[in-house]
Amino acid sequence: MAELRVFVYLDRLQPQFASYLATNMRGYLPVVGMAATFIEIAPGLLINQVADHALKAAFVQPGFLIVERSFGLLEFHSKAQADVRFAGEAALKCLGATLADRVAPQILASQVIHKVNDYHAQVINVNRLASMLIAGQDLYIMEVVPAAYIAIAVNEAEKNAQITLVDVRIFGAVGRLYLSGKESDVERAAKAAETAILNITGKTQAGPPG
């Protein structure tokens, strides 16, 4: 039986996050303003059954369909919020689950680094998947489990502050977010990201990985 680790709905993809997704996806690319749903389950291979039900239920396009040994991740999106919601309901029905069955997220790290050093910025930029971190800016870092919940954190952070998205890691053992900007903007973004995660209900996880 599959474990529902993540089920999270985004009402409107923000410009930087939508661009990040389009750059790093291998499926159908989303655009700004689309609604999206992220579903993560275990074991990973069963995500194909979830995708089958969701994609047949409504006119949505898949962006991610990732199968790892432990986890499977599906993302789908559409310009019509109703279609995304209906496809999500079909996915839950396939799993025999409700939102109460998903794993509640945990924030493993949430920290602000003020006025990043030049060399620190360069080291982070080497491995980034989004925009450049500029020396002298403030840097916010968040880490959550299960990983795919980081999607709502970054989307809400961008909604609420003028920040630069530096890096996002949506799948794997943990989800990670790096964003930068002026101190006041980074503080607002951090609060929005934390609030988005803390407002998600679900089953308590035994503990962080490792």
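The numbers here are math on the coordinates, done by the rules we state, and not lab data. This structure is a prediction, so every number in the text was calculated from the model and none was measured. A quick note on method: Cβ atoms are made from the backbone with ideal geometry, for glycine too, and the neighbour counts reach across all protein chains shown.
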Task: Within the range 44-83: backbone nitrogen closer than 20 Å to the Leu29 label point (7 Å, Cα to C-beta) - done: 60-66, 75-80
TODO: Apply the Karplus parameterisation 6.51 cos²θ - 1.76 cosθ + 1.60, with θ equal to phi minus 60°, to every residue of the range 30-37 and state each ³J(HN,Hα) to the nearest whole Hz, in sequence, with x for glycine and proline.
DONE: x, 10, 4, x, 5, 8, 8, 10
TODO: Tell me which residues come under 5 Å, amide H to amide H, from Gln106 once H is placed; ignore anything under 5 positions away on its chain.
DONE: Val145
Task: Members of Lys79/Lys182; Lys115/Lys191; Lys115/Lys159 lying beyond 28 Å, as alpha-carbon distances in this model show - done: Lys79/Lys182
- [ ] Apply 1/(1 + (r/R0)^6) to the Cβ-Cβ distance of Lys93 and Ala22, taking R0 = 22 Å, and write down the FRET efficiency to the nearest 0.05.
- [x] 0.15
TODO: State, as an integer percentage, the relative contact order of the chain based on alpha-carbon contacts under 8 Å between residues 6 or more apart.
DONE: 20 percent
- [ ] Would you be so kind as to identify which of Thr164, Met25, Asn117 lies farthest towards the positive end of the dipole of the chain, taking Lys and Arg as +1 and Asp and Glu as -1 on Cβ and the Cα centre as origin?
- [x] Met25
Task: Residue-by-residue Karplus 3J(HN,Hα) for the range 95-106, coefficients 6.51, -1.76, 1.60, Hz, glycine and proline x - done: 7, x, 10, 10, 4, 5, 8, 5, 7, 6, x, 10
Task: Calculated from backbone phi, Karplus (6.51, -1.76, 1.60) coupling profile of the range 85-92 in Hz, x at Gly/Pro - done: 5, 5, 5, x, 4, 5, 5, 4
TODO: Please report the base-10 log of the normalised intensity I(q)/I(0) for the range 67-210, using a Debye sum with one equal scatterer per alpha carbon and no solvent, at each q in 0.12 (1/Å).
DONE: -0.55
TODO: Enumerate the amide H contacts of Met34 below 5 Å, restricted to partners 5 or more residues apart or on another chain; note that Pro and chain-start residues carry no placed amide H.
DONE: Leu13
- [ ] Starting from the Cα coordinates of the range 3-101, work out the convex hull volume and express it per residue in Å³.
- [x] 83 Å³
